[in-house]
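All of the numbers you see were taken from the coordinates with simple rules; none came from a lab. Please read all numbers here as calculations on a predicted model, not as lab measurements. Please note: Cβ atoms are built from the backbone with ideal geometry, for glycine as well, and neighbour counts cover all protein chains shown.
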Amino acid sequence: MIAIVDYGIGNLHSVFKALERLKAKPRITDNQKEIKKAKGVVLPGVGSFGRAMEQLEKKELITPLLEAAEKGIPFLGMCLGLQLMFEKSQETTGTKGLALFQGEVRKLPPTNKIPHMGWNRTHFLRSSTLTSDIPTGSFFYFAHSYYVVPKEEHDVVIGICNYNVTIPVIINRDYLWGLQFHPEKSSHWGMKFLENWVEVTKK
């Protein structure tokens, strides 16, 4: 079973449908025991960093998420879910993130059209399990106003895109993965990305 974390914020249905098409046995849940027993954990999200962390705390989901990550359960953060995996965000100062990665979340420069909405090319800096059989330069679908700035940039950034600023959009360390784009809305290559991740959960 793959747990799609329900904390009251997120595009749960589209993620569920995408994983269901891959025969991955997804379950939308806010149950701590189910999250701890899952073969994989998906943290989706849309909206604000502060509100999302508030909801995770309110539903007492922070501890089970951290425990799942510590146990090496494959963990996938999508869009806001990726941002929540970092220590803090300029969007909501004073609010702590999950801190699964070191670094912060910053607002896109005012020279850009905000939000970054629509399709953009993603370039892979090196090969990885999840980018297997996906050509570098493929298009993925984005919808965000903030982007992550990892402290360990050279160690964890797998893919980037350009939006008048270089945006790290695929982050990975061990079994922790984060995507700034929406794979479930990214057509063929997005589904291939999810398929590769589902294969990781089977090992």
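In the chain, the calculated helix contribution to ellipticity at 222 nm averages -8000 deg cm²/dmol per residue, counting -39,500 (n - 2.57) for every DSSP H run with n ≥ 4.
Specify which residue in the list Leu66, Thr29, Ile9 is farthest towards the positive end of the charge dipole of the chain, using unit charges on the beta carbon of Lys, Arg (+1) and Asp, Glu (-1), about the Cα centre. Farthest towards the positive pole: Thr29.
Rg over Rh for the chain works out to 0.93, both radii taken from alpha-carbon positions and Rh defined as the Kirkwood radius.
Under 18 Å from a point placed 7 Å out from the Cα of Lys39 along the Cα-to-Cβ direction: which residues of the stretch 179-203 have their backbone N that close? It comes to 192-203, nothing else. Loop-located trypsin sites (Lys or Arg not before Pro) in the stretch 61-107 (DSSP state not H, G, I, E or B) with no more than 13 neighbouring Cβ atoms inside 10 Å: Lys71, Lys96. Projecting the Cα atoms of Thr201, Ala143, Cys79 onto the dipole axis of the stretch 48-203, where Lys and Arg carry +1 and Asp and Glu carry -1 at the beta carbon, places Ala143 farthest toward the positive end.
Once fully extended, how much extra length lies between Glu199 and Ala99, figured as 0.36 nm per residue of separation less the alpha-carbon to alpha-carbon distance? Stretched fully, the Glu199-Ala99 segment lengthens by 33.4 nm. Summary: within the chain, the longest segment free of GluC sites (Glu not before Pro) located in DSSP loops with at most 13 other C-beta atoms within 10 Å is 61-151. DSSP finds beta bridges in the chain, and of those with both partners inside it, around 60 percent are antiparallel. Taking every lysine pair in the stretch 32-131 that is 8 or more places apart or spans two chains, those with Cα atoms closer than 14 Å amount to 7.
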